[in-house]
1. Determine the relative contact order of the chain: mean sequence separation of Cα pairs under 8 Å and six or more apart, normalised by residue count, in whole percent.
2. Going Cα to Cα from K662, which aspartates and glutamates come in below 15 Å? Please leave out same-chain ones fewer than 8 positions away.
3. Specify whether the C-alpha gyration tensor of region 596-710 places it in the rounded, prolate or oblate class, a ≥ b ≥ c being the square roots of the eigenvalues: rounded for a/c under 1.5, otherwise prolate if a/b is larger than b/c and oblate if not.
4. Rank by packing, highest mean first: peptides 580-590, 677-687, 424-434, 80-90, with packing defined as the count of other Cβ atoms within 10 Å averaged across residues.
5. In region 3-129, if every C-alpha pair distance is counted and binned at 10 Å from zero, what percent goes to each bin?
6. Could you rank the peptides 695-705, 47-57 by their average count of other C-beta atoms within 10 Å per residue, with the highest value first?
7. When ranked by the protection proxy of mean other Cβ atoms within 10 Å per residue, highest first, what sequence do the peptides 9-16, 232-239 form?
8. Could you please state how large a percent of the accessible area of region 16-163 is carbon and sulfur, counting protein chains only and using a 1.4 Å probe?
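The values are calculated or read from the model by the stated rules, or taken from the named source; none is laboratory data. This one's a predicted model, so the numbers in the text were calculated from it and none came from an experiment. Don't worry about glycine lacking a Cβ; one is built from the backbone with ideal geometry, like all the others, and counts go over all protein chains shown. In case anyone asks, the SASA skips ligands and DNA or RNA and just uses the protein heavy atoms, side chains included. Shrake-Rupley method; radii C 1.70, N 1.55, O 1.52, S 1.80 Å.
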Amino acid sequence: MEKGALQQLLSQMSLREKIGQMIQLTGACFDEEAVLTGETGTDQLPEEAVWMAGSVLGMIGGEKIREIQKVYMEKHPHHIPLLFMADVIHGCRTIFPIPLAQACSFHPQLVQEGAAVAAGEASSEGIRASFSPMIDVSKDARWGRIMESFGEDPYLNGVMGTAMLNGYQGDRSGTGTEIAGCLKHFAGYGAVSAGREYNDVEMSQRTFLEQYVRPFRMAMQAKPAMVMTAFTAIDRKPVSANRQLLHQLLRSQLGFEGVVISDWGSIGQLEEQRVATDQKEAARMAADAGVDIDMMSPAYVHWLEELVEEGTVAMEQIDACVWNILKMKNRLGLFEDPFAGIGKSQILSEESRTVAYTLACESCVLLKNDQILPLDQNQKVLWAGPYVDSPQLLSRWAIFGRHSDVNTIEAALKETGAQAECLQGCEMLSQEECRMWQVREPSGASGGIRLEDVAKIQRDDTVVLVLGEHESQSGEAASRAFLDLPAPQQELFEAVAQRTDNLITVIIAGRPLDLRAVTEKSRAVLLAFRPGTMGAKAITSLVYGKENPSGKLAVSIPYCVGQAPVSYWDMTTGHAMSQQETDNRYRSRYMDIPNKPLYSFGYGLSYTQFEISDLRIGKEKAKDDGKVSVWCKVKNIGQRAGAEVVQCYIQTLFAAIVRPEKELIRFQKVFLEPEEEAEVEFSIRVEEFLYYDEKMHLTYTNTPFQILVGNSSECVRTAGVVQF
Ligand code: BGC
């Protein structure tokens, strides 16, 4: 629709119609099969409010949505189409690895392809907007939502968030196969205190702006259709009532032009947070702060009309919100054809499965390999653990994924023809854990291990144990105080480790776990996180060497839970621990564990080896064109084709304020045949060195920055120093 016609439409709408656009209800108002992803209020909404609401969430089904849309548009005074939104977080029906795993691929192009597949499937099923990507910097393994993020690094979150948005929103406009993306949660939710879900957030303004807002700043280039407000407060002001954050920072400074949507009930929660006296006050605060859509709270639906009529909320404010929403619907082409994408893309097509398979292969991280992997297909191997015959490779956020579409490891092994015998070994969770995690499926009577399975293992047998968290143990509302494997699996692991010296452990999890015992007693460890629909095939291909692992950790694996939160970019300290004086007590250290994580950000092994050499920087260029160039060579010096992720970090050598230990600034994944060598060039704009000085002014001058290059955050060498 032309801009003029859209403006005219807005001018013709009644106040009630306008407010309708600003309200989002769950699909349960229209369809009893809709997925509920949060708590619903108890109060019954008037019939008219339901049929006036501008968007719904949590529904799927092309034909069902077509029917609802038809009836809705007929009833609507201006026939404005309803926008169907949902949490398409890591795939719609073809489920990709969780975002945390996707980040480990360090392959943004592949992440973009996955998101394009998800958009095709979602739009085919009637969904035209997703609440994804989540780019909350997350470094606390206790937080259940770490699985939804791209990990601990701000830059990596920005790169992957941009890639995912490009995949969703793509350049397919007019086809109906693109969907609106939503950056969330603006901002800082990833730093909930003590990793406890929905807890408060406390951090300095500098850290907030430099590290937590950075991915949002970066992803603005992909023109996100929406931004979702975080549940949390920044400097004690809840984001959904924070005018300064939403107007000055998000809209003016970051240049965001789309729709601001609240998180589920976050406007209503202003009352619970005791910053609004009641729901009416909450509605006023959120409207004033610039929240365009109220997702699932009673505030706008019950109070906005009265607030406008009494003059507390200006009509211009309402118009500005509705304009943003109409523009989004128009950009999706809904006014021309509200059914455009329905039935257009094939669900779970061969191509989609191939993208999911490749992404799953590239997302797995080989943490340890004591000359045992890859295995030979013809060698007899025992595959054991509750994951071997389980389709639970998805996640709680794969809300439309179906376990019946997932191949199990046992089935994947049969397809390859490998000489494998499968043993379940134990249940996934004990009965007590089932109760704790509200898992309905029945657990074994004792939840203990199957001794008859363990007894089959002989000392020289090679055993692959596939162990990990249950799907219900990560995602929203799934914080954990312990990072251990479920009880029966710990018992199984110890029993198997005592019987064989040839143990390989594959870990399925939604977060970094405490892997000390696993890495100590296994000869190889492959971390697969939650690998999705094609996860089983990816795992067997990697173990048998059909594929070569190339994933690198997007998040540190803490030594133990007491070390969390930990990241490679933690601030530089005084009393720094030195490797030379490990017995000095008066250092920034724990007395009982090392300072370093068990495995650090950027780490990951391959079946081949790489050599990074010839590090150089182009300092003089900085003055010429405002860019710093960094070069190196990377060579595959092993016997197999493989991929290395060359990583470039900056380290502030001296500044008036304390700065992060290191910061990732570029990376490149390079695929090389044996003996092949490639030249890598990174070009860094000078603005990317900006940081906040003592007076909160952005600066990069008079500050020496060391440029480091390597293949993990721990394994880097200096390429030179720049100063502007
Ligand atoms: C989550 C959001 C999600 C929304 C809709 C909320 O509880 O925090 O990330 O998009 O529900 O399901």
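1. Details: 1745 pairs, mean separation 95.5, N = 724.
For the chain, the relative contact order is 13 percent.
2. Reachable aspartates and glutamates: E152, D153, E210, D570, E688, E714.
3. Numbers: a/c = 3.35, a/b = 1.76, b/c = 1.90.
Since a/c reaches 1.5 but b/c is at least a/b, the shape of region 596-710 is classed as oblate.
4. Details: 580-590: 10.0, 677-687: 15.0, 424-434: 22.2, 80-90: 25.5.
Result, highest mean first: 80-90, 424-434, 677-687, 580-590.
5. Pair shares across the bins are 12, 36, 29, 18, 5.
6. On the way: 695-705: 13.4, 47-57: 20.0.
Output ranking for 695-705, 47-57: 47-57, 695-705.
7. Numbers: 9-16: 13.8, 232-239: 20.2.
Descending packing order for the listed peptides: 232-239, 9-16.
8. Working: 1940 of 3880 Å².
For region 16-163, the apolar C and S fraction of the accessible surface comes to 50 percent.
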